[in-house]
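Trainee: Here it is: the structure, laid out below.
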Amino acid sequence: MSNISIAIHGGAGTILPSSLTPELERAYKARLQEALDAGYHALKNGKTAIDAVEASVAALEDCPLFNAGKGSVFTSEGTHEMDASIMDGASLNAGAVSSITGVKNPIQLSRLVMEHSDHVFLTGKGAEDFARHMKCEFEEQDYFFDELRHQQWLSVKGTDKFQLDHSSLADKKFGTVGAVALDQHGNVAAATSTGGMTNKKYGRVGDSPMIGAGNYANNATCAVSCTGSGEYFIRAVVAYDVACLIEHKGLTLQEACKEVIQNRLIKIGGDGGLIAVDTSGNISLEFNTEGMYRGRRNAQGLNEVAIFS
Ligand code: ASP
(Lines give C-alpha, C1' and ligand atoms only; values in the text may rest on other atoms or scores of the structure.)
Protein backbone atom coordinates (compact mmCIF):
# COMPACT_ATOMS: atom_id res chain seq x y z
CA MET A 1 0.00 0.00 0.00
CA SER A 2 2.77 2.42 1.00
CA ASN A 3 4.02 3.22 -2.46
CA ILE A 4 0.82 3.46 -4.48
CA SER A 5 1.20 6.29 -7.00
CA ILE A 6 -0.64 7.59 -10.00
CA ALA A 7 -0.10 10.33 -12.58
CA ILE A 8 -2.35 11.54 -15.37
CA HIS A 9 -2.12 13.94 -18.31
CA GLY A 10 -4.67 15.67 -20.49
CA GLY A 11 -2.32 16.80 -23.27
CA ALA A 12 0.67 19.12 -23.69
CA GLY A 13 1.11 22.13 -25.96
CA THR A 14 0.92 25.88 -26.26
CA ILE A 15 -1.08 26.25 -23.10
CA LEU A 16 -0.56 29.73 -21.66
CA PRO A 17 -2.28 31.43 -18.73
CA SER A 18 -3.58 33.95 -21.29
CA SER A 19 -5.30 31.19 -23.26
CA LEU A 20 -7.56 30.11 -20.41
CA THR A 21 -10.23 32.09 -18.57
CA PRO A 22 -10.27 31.58 -14.78
CA GLU A 23 -13.50 29.57 -15.16
CA LEU A 24 -11.99 27.31 -17.79
CA GLU A 25 -8.86 26.82 -15.72
CA ARG A 26 -11.01 25.84 -12.74
CA ALA A 27 -13.01 23.44 -14.92
CA TYR A 28 -9.86 21.76 -16.25
CA LYS A 29 -8.42 21.39 -12.76
CA ALA A 30 -11.66 19.97 -11.39
CA ARG A 31 -11.90 17.36 -14.16
CA LEU A 32 -8.22 16.44 -13.77
CA GLN A 33 -8.71 15.98 -10.03
CA GLU A 34 -11.76 13.76 -10.60
CA ALA A 35 -9.85 11.58 -13.04
CA LEU A 36 -6.86 11.42 -10.69
CA ASP A 37 -9.10 10.44 -7.79
CA ALA A 38 -10.87 7.76 -9.83
CA GLY A 39 -7.56 5.97 -10.39
CA TYR A 40 -6.20 6.67 -6.91
CA HIS A 41 -9.26 5.24 -5.17
CA ALA A 42 -9.01 2.11 -7.29
CA LEU A 43 -5.40 1.69 -6.10
CA LYS A 44 -6.34 2.42 -2.49
CA ASN A 45 -9.04 -0.24 -2.65
CA GLY A 46 -6.47 -2.83 -3.67
CA LYS A 47 -7.28 -2.84 -7.38
CA THR A 48 -4.54 -3.33 -9.94
CA ALA A 49 -2.55 -0.65 -11.75
CA ILE A 50 -4.42 -1.67 -14.92
CA ASP A 51 -7.77 -1.00 -13.20
CA ALA A 52 -6.49 2.36 -12.02
CA VAL A 53 -5.18 3.63 -15.36
CA GLU A 54 -8.33 2.47 -17.12
CA ALA A 55 -10.52 4.29 -14.57
CA SER A 56 -8.59 7.56 -14.87
CA VAL A 57 -8.45 7.50 -18.67
CA ALA A 58 -12.15 6.60 -19.01
CA ALA A 59 -13.01 9.62 -16.81
CA LEU A 60 -10.98 11.88 -19.12
CA GLU A 61 -12.52 10.29 -22.25
CA ASP A 62 -15.98 11.14 -20.94
CA CYS A 63 -15.07 14.83 -20.54
CA PRO A 64 -15.38 17.00 -23.69
CA LEU A 65 -12.54 19.27 -22.51
CA PHE A 66 -10.01 16.64 -23.58
CA ASN A 67 -9.14 15.26 -27.02
CA ALA A 68 -10.15 11.65 -26.43
CA GLY A 69 -13.47 9.83 -26.45
CA LYS A 70 -16.22 12.46 -26.30
CA GLY A 71 -13.90 15.42 -27.01
CA SER A 72 -12.07 13.90 -29.99
CA VAL A 73 -10.85 16.25 -32.74
CA PHE A 74 -11.93 16.14 -36.40
CA THR A 75 -10.04 14.39 -39.22
CA SER A 76 -9.61 15.99 -42.67
CA GLU A 77 -12.93 14.32 -43.64
CA GLY A 78 -14.80 15.82 -40.69
CA THR A 79 -14.99 12.49 -38.89
CA HIS A 80 -13.55 11.27 -35.58
CA GLU A 81 -10.98 8.49 -35.51
CA MET A 82 -9.75 7.46 -32.10
CA ASP A 83 -6.64 5.56 -30.99
CA ALA A 84 -5.87 4.03 -27.58
CA SER A 85 -3.61 1.54 -25.85
CA ILE A 86 -2.99 -0.05 -22.47
CA MET A 87 -0.06 -2.05 -21.11
CA ASP A 88 0.46 -4.17 -18.01
CA GLY A 89 4.01 -3.95 -16.64
CA ALA A 90 3.67 -7.21 -14.71
CA SER A 91 2.98 -9.46 -17.69
CA LEU A 92 4.03 -7.20 -20.59
CA ASN A 93 0.56 -7.84 -21.98
CA ALA A 94 -0.78 -5.02 -24.09
CA GLY A 95 -3.87 -4.08 -26.06
CA ALA A 96 -4.35 -1.33 -28.64
CA VAL A 97 -6.90 0.00 -31.10
CA SER A 98 -6.65 2.61 -33.84
CA SER A 99 -8.86 4.50 -36.28
CA ILE A 100 -12.08 3.57 -34.49
CA THR A 101 -15.33 5.54 -34.54
CA GLY A 102 -18.38 5.43 -32.32
CA VAL A 103 -16.87 3.53 -29.40
CA LYS A 104 -17.60 5.50 -26.22
CA ASN A 105 -14.48 4.42 -24.32
CA PRO A 106 -11.57 3.35 -26.55
CA ILE A 107 -9.46 2.57 -23.47
CA GLN A 108 -11.95 -0.08 -22.38
CA LEU A 109 -11.77 -1.60 -25.84
CA SER A 110 -7.94 -1.69 -25.66
CA ARG A 111 -8.17 -3.61 -22.43
CA LEU A 112 -10.64 -6.05 -23.96
CA VAL A 113 -8.26 -6.62 -26.88
CA MET A 114 -5.51 -7.32 -24.33
CA GLU A 115 -7.57 -9.69 -22.19
CA HIS A 116 -10.04 -11.30 -24.59
CA SER A 117 -8.31 -11.60 -27.94
CA ASP A 118 -5.20 -13.38 -29.16
CA HIS A 119 -3.94 -10.10 -30.56
CA VAL A 120 -2.31 -6.91 -29.38
CA PHE A 121 -3.54 -4.40 -31.95
CA LEU A 122 -6.87 -4.15 -33.80
CA THR A 123 -7.75 -1.36 -36.19
CA GLY A 124 -10.79 0.21 -37.87
CA LYS A 125 -13.76 -1.97 -38.71
CA GLY A 126 -12.16 -5.08 -37.19
CA ALA A 127 -11.73 -3.28 -33.88
CA GLU A 128 -15.29 -1.94 -34.03
CA ASP A 129 -16.71 -5.41 -34.78
CA PHE A 130 -14.73 -6.80 -31.86
CA ALA A 131 -16.17 -3.98 -29.68
CA ARG A 132 -19.71 -5.01 -30.70
CA HIS A 133 -18.91 -8.62 -29.97
CA MET A 134 -17.65 -7.62 -26.50
CA LYS A 135 -20.79 -5.49 -26.00
CA CYS A 136 -18.94 -2.17 -25.67
CA GLU A 137 -21.05 0.96 -25.49
CA PHE A 138 -21.36 2.86 -28.80
CA GLU A 139 -22.47 6.46 -29.30
CA GLU A 140 -23.94 8.28 -32.31
CA GLN A 141 -21.78 10.80 -34.20
CA ASP A 142 -23.34 13.80 -32.46
CA TYR A 143 -22.10 12.57 -29.07
CA PHE A 144 -18.57 13.32 -30.36
CA PHE A 145 -19.49 16.69 -31.90
CA ASP A 146 -18.05 19.71 -30.14
CA GLU A 147 -18.53 23.20 -31.56
CA LEU A 148 -15.11 24.53 -30.59
CA ARG A 149 -13.29 21.53 -32.06
CA HIS A 150 -15.44 21.90 -35.18
CA GLN A 151 -14.33 25.55 -35.52
CA GLN A 152 -10.76 24.47 -34.95
CA TRP A 153 -11.04 21.98 -37.81
CA LEU A 154 -12.79 24.48 -40.14
CA SER A 155 -9.83 26.83 -39.71
CA VAL A 156 -7.47 24.29 -41.35
CA LYS A 157 -9.93 22.25 -43.44
CA GLY A 158 -8.93 21.89 -47.09
CA THR A 159 -5.28 22.55 -46.32
CA ASP A 160 -2.49 20.06 -45.77
CA LYS A 161 -1.97 21.37 -42.26
CA PHE A 162 -2.64 19.14 -39.31
CA GLN A 163 -2.09 20.25 -35.79
CA LEU A 164 -1.83 19.30 -32.21
CA ASP A 165 -5.15 19.87 -30.58
CA HIS A 166 -3.35 22.09 -28.10
CA SER A 167 -1.65 24.35 -30.63
CA SER A 168 -2.07 28.09 -30.36
CA LEU A 169 -4.52 28.21 -33.25
CA ALA A 170 -7.77 29.52 -31.87
CA ASP A 171 -8.40 26.62 -29.56
CA LYS A 172 -8.97 26.65 -25.85
CA LYS A 173 -9.61 22.94 -25.46
CA PHE A 174 -6.67 20.63 -25.51
CA GLY A 175 -5.58 17.15 -24.89
CA THR A 176 -4.78 13.57 -25.55
CA VAL A 177 -5.14 11.78 -22.23
CA GLY A 178 -3.12 9.21 -20.32
CA ALA A 179 -2.43 7.63 -16.94
CA VAL A 180 0.38 5.64 -15.31
CA ALA A 181 0.15 3.88 -11.95
CA LEU A 182 1.95 1.73 -9.39
CA ASP A 183 -0.30 -0.57 -7.35
CA GLN A 184 -0.04 -2.20 -3.90
CA HIS A 185 1.44 -5.32 -5.45
CA GLY A 186 4.36 -3.41 -7.01
CA ASN A 187 3.04 -3.58 -10.57
CA VAL A 188 2.99 -0.66 -13.00
CA ALA A 189 0.65 0.03 -15.94
CA ALA A 190 0.14 2.70 -18.60
CA ALA A 191 -2.88 3.81 -20.64
CA THR A 192 -3.22 6.44 -23.39
CA SER A 193 -6.22 7.56 -25.48
CA THR A 194 -6.64 10.21 -28.17
CA GLY A 195 -8.63 11.66 -31.02
CA GLY A 196 -5.25 12.35 -32.69
CA MET A 197 -4.42 15.60 -34.45
CA THR A 198 -6.89 18.06 -35.99
CA ASN A 199 -7.26 17.69 -39.76
CA LYS A 200 -5.14 14.53 -39.79
CA LYS A 201 -5.61 12.46 -42.94
CA TYR A 202 -8.16 9.74 -42.38
CA GLY A 203 -6.31 6.54 -41.63
CA ARG A 204 -3.45 8.41 -39.96
CA VAL A 205 -2.32 6.72 -36.77
CA GLY A 206 -0.28 8.53 -34.12
CA ASP A 207 1.95 7.36 -31.30
CA SER A 208 -0.75 6.88 -28.68
CA PRO A 209 -1.77 3.32 -29.62
CA MET A 210 1.77 2.25 -30.53
CA ILE A 211 3.36 0.20 -27.79
CA GLY A 212 6.80 1.64 -27.11
CA ALA A 213 6.13 4.98 -28.83
CA GLY A 214 3.27 6.66 -26.93
CA ASN A 215 2.67 4.05 -24.25
CA TYR A 216 4.78 1.46 -22.42
CA ALA A 217 4.92 -0.38 -19.09
CA ASN A 218 7.41 -2.86 -17.68
CA ASN A 219 7.90 -3.78 -14.01
CA ALA A 220 11.65 -3.93 -14.69
CA THR A 221 11.68 -0.16 -15.17
CA CYS A 222 8.61 2.06 -15.38
CA ALA A 223 5.30 2.95 -17.03
CA VAL A 224 5.08 5.84 -19.52
CA SER A 225 2.26 7.67 -21.32
CA CYS A 226 3.03 10.38 -23.90
CA THR A 227 1.36 13.37 -25.53
CA GLY A 228 2.60 15.55 -28.36
CA SER A 229 3.34 15.54 -32.08
CA GLY A 230 2.86 11.83 -32.67
CA GLU A 231 4.97 11.54 -35.82
CA TYR A 232 8.05 12.54 -33.79
CA PHE A 233 7.17 10.36 -30.81
CA ILE A 234 6.94 7.37 -33.14
CA ARG A 235 10.32 8.09 -34.72
CA ALA A 236 11.96 8.59 -31.32
CA VAL A 237 10.23 5.52 -29.81
CA VAL A 238 9.83 7.76 -26.79
CA ALA A 239 8.16 5.58 -24.14
CA TYR A 240 10.46 2.61 -24.71
CA ASP A 241 13.51 4.85 -24.88
CA VAL A 242 12.78 6.08 -21.35
CA ALA A 243 12.62 2.46 -20.12
CA CYS A 244 15.82 1.58 -22.01
CA LEU A 245 17.80 4.45 -20.50
CA ILE A 246 16.83 3.21 -17.04
CA GLU A 247 17.47 -0.46 -17.78
CA HIS A 248 20.63 -0.24 -19.82
CA LYS A 249 22.25 3.02 -18.74
CA GLY A 250 21.20 3.09 -15.10
CA LEU A 251 19.54 6.51 -15.31
CA THR A 252 16.91 7.45 -12.72
CA LEU A 253 13.33 7.91 -13.90
CA GLN A 254 13.73 11.67 -13.76
CA GLU A 255 17.01 11.67 -15.70
CA ALA A 256 15.67 9.34 -18.38
CA CYS A 257 12.49 11.38 -18.95
CA LYS A 258 14.49 14.61 -19.12
CA GLU A 259 17.01 13.19 -21.60
CA VAL A 260 14.29 11.96 -23.94
CA ILE A 261 11.94 14.96 -23.83
CA GLN A 262 14.43 17.83 -23.43
CA ASN A 263 17.20 16.48 -25.63
CA ARG A 264 16.48 13.59 -27.99
CA LEU A 265 12.96 14.65 -28.97
CA ILE A 266 13.87 18.30 -29.42
CA LYS A 267 16.79 17.35 -31.65
CA ILE A 268 14.41 15.87 -34.22
CA GLY A 269 11.87 18.69 -33.83
CA GLY A 270 9.27 17.01 -31.62
CA ASP A 271 7.18 18.83 -29.03
CA GLY A 272 5.14 17.43 -26.19
CA GLY A 273 5.59 15.61 -22.92
CA LEU A 274 5.07 12.48 -20.92
CA ILE A 275 4.14 11.14 -17.51
CA ALA A 276 5.97 8.22 -15.94
CA VAL A 277 6.06 6.20 -12.72
CA ASP A 278 8.61 3.61 -11.59
CA THR A 279 8.29 0.65 -9.25
CA SER A 280 9.56 2.72 -6.30
CA GLY A 281 6.69 5.14 -6.78
CA ASN A 282 8.75 7.98 -8.27
CA ILE A 283 6.74 10.12 -10.64
CA SER A 284 8.02 12.24 -13.53
CA LEU A 285 5.98 14.82 -15.45
CA GLU A 286 8.25 16.10 -18.21
CA PHE A 287 7.32 18.39 -21.13
CA ASN A 288 9.05 20.77 -23.54
CA THR A 289 5.94 22.83 -24.33
CA GLU A 290 4.45 25.82 -22.48
CA GLY A 291 2.10 23.61 -20.54
CA MET A 292 0.72 20.16 -19.94
CA TYR A 293 -2.54 19.29 -18.22
CA ARG A 294 -1.37 16.97 -15.48
CA GLY A 295 -1.84 15.55 -12.00
CA ARG A 296 -0.17 13.21 -9.53
CA ARG A 297 -1.13 11.58 -6.29
CA ASN A 298 0.50 9.08 -3.93
CA ALA A 299 0.07 7.44 -0.52
CA GLN A 300 2.52 9.89 1.09
CA GLY A 301 0.05 12.74 0.71
CA LEU A 302 1.17 14.21 -2.61
CA ASN A 303 -1.97 15.30 -4.44
CA GLU A 304 -1.81 18.03 -7.08
CA VAL A 305 -3.04 19.04 -10.49
CA ALA A 306 -1.32 21.66 -12.67
CA ILE A 307 -1.44 23.13 -16.16
CA PHE A 308 1.35 25.60 -16.87
CA SER A 309 5.11 25.05 -16.60
N1 ASP B 1 0.13 12.22 -29.64
C2 ASP B 1 -1.16 12.42 -30.21
C3 ASP B 1 -1.12 12.02 -31.67
O4 ASP B 1 -0.17 12.33 -32.34
C5 ASP B 1 -1.66 13.83 -30.14
C6 ASP B 1 -1.65 14.46 -28.76
O7 ASP B 1 -0.87 14.07 -27.90
O8 ASP B 1 -2.47 15.35 -28.52
O9 ASP B 1 -2.08 11.44 -32.14
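The values are calculated or read from the model by the stated rules, or taken from the named source; none is laboratory data. No experiment lies behind these values; they were computed from the predicted model shown. All Cβ positions, glycine included, derive from the backbone under ideal geometry; neighbour counts span all protein chains shown.
Trainee: Pick from the range 229-253 the residues that are modelled with pLDDT of 95 or more and in contact with a strand residue (DSSP E or B) (Cβ under 7 Å, 6 or more places away or on another chain): which of them is farthest from E54 (Cα to Cα)?
Mentor: Per the stated criteria, the residue is I246.
Trainee: Could you figure out which of (1) within 16 Å of the ligand (Cβ to nearest atom); (2) at pLDDT 95 or above; (3) within 25 Å of K47 (Cα to Cα) isn't true of C136?
Mentor: All conditions pass for C136, except number (1).
Trainee: Now, a different point. Return a yes/no flag: does the range 73-89 have any residue that is over 19 Å from L122 (Cα atoms) and either part of a strand (DSSP E or B) or under 15 Å from the mean Cα position of the chain (by Cα) (or both).
Mentor: Yes, that holds for at least one residue.
Trainee: Does any residue in the range 108-123 that is at pLDDT 95 or above come within less than 8 Å, Cβ to Cβ, of a residue that is acidic (D, E) and not in a helix (DSSP H, G or I) six or more places away or on a different chain, and which pairs are these?
Mentor: Close Cβ pairs (under 8 Å, with a partner that is acidic (D, E) and not in a helix (DSSP H, G or I)) amount to M114/D88.
Trainee: Please determine whether any residue of the range 59-72 is touching a residue at least 40 places away in the same chain (Cβ under 8 Å), more than 22 Å from T227 (Cβ to Cβ) and surrounded by fewer than 22 Cβ atoms within 10 Å (Cβ to Cβ).
Mentor: As a first pass, look at the range 59-72 and keep what is touching a residue at least 40 places away in the same chain (Cβ under 8 Å): 60-62, 64-72.
Then drop every residue that is not more than 22 Å from T227 (Cβ to Cβ), which leaves none.
No: zero hits.
Trainee: In the range 139-160, what residues are charged (D, E, K, R) and either modelled with pLDDT under 75 or not in a loop (DSSP other than H, G, I, E, B) (or both)?
Mentor: Of the residues in the range 139-160, the ones charged (D, E, K, R) are 139-140, 142, 146-147, 149, 157, 160.
Answer for the range 139-160, where residues must be charged (D, E, K, R) and either modelled with pLDDT under 75 or not in a loop (DSSP other than H, G, I, E, B) (or both): D142, E147, R149.
Trainee: Tell me, which residue of the range 182-210 that is within 12 Å of the ligand (Cβ to nearest atom) and part of a strand (DSSP E or B) is surrounded by the most Cβ atoms within 10 Å (Cβ to Cβ)?
Mentor: T192
Trainee: So if I check each of G272, G230, which one is closer than 23 Å to N105 by Cβ, crowded, with 24+ Cβ neighbours inside 10 Å and within 16 Å of the ligand (Cβ to nearest atom)?
Mentor: Numbers: G272 fails: closer than 23 Å to N105 by Cβ.
Sole residue among the options that is closer than 23 Å to N105 by Cβ, crowded, with 24+ Cβ neighbours inside 10 Å and within 16 Å of the ligand (Cβ to nearest atom): G230.
Trainee: Let me ask something additional. So D146 ticks every box in (1) under 19 Å from A84 (Cα atoms); (2) surrounded by 14 or more Cβ atoms within 10 Å (Cβ to Cβ) but one. Which box is left unticked?
Mentor: For D146, the failing item is (1).
Trainee: Follow-up. Could you list all residues from the range 211-227 that are more than 19 Å from L182 (Cα to Cα) and near the ligand (Cβ under 7 Å from one of its atoms)?
Mentor: At the first step, the residues of the range 211-227 found to be more than 19 Å from L182 (Cα to Cα) are 213, 227.
Of everything in the range 211-227, just one residue is more than 19 Å from L182 (Cα to Cα) and near the ligand (Cβ under 7 Å from one of its atoms), namely T227.
Trainee: Determine which single condition K104 fails, assuming it passes every other condition in (1) at pLDDT 95 or above; (2) within 16 Å of the ligand (Cβ to nearest atom).
Mentor: (2)
Trainee: Of the residues in the range 46-72, how many are over 19 Å from M210 (Cβ atoms), outside any helix (DSSP H, G or I) and within 16 Å of the ligand (Cβ to nearest atom)?
Mentor: 4
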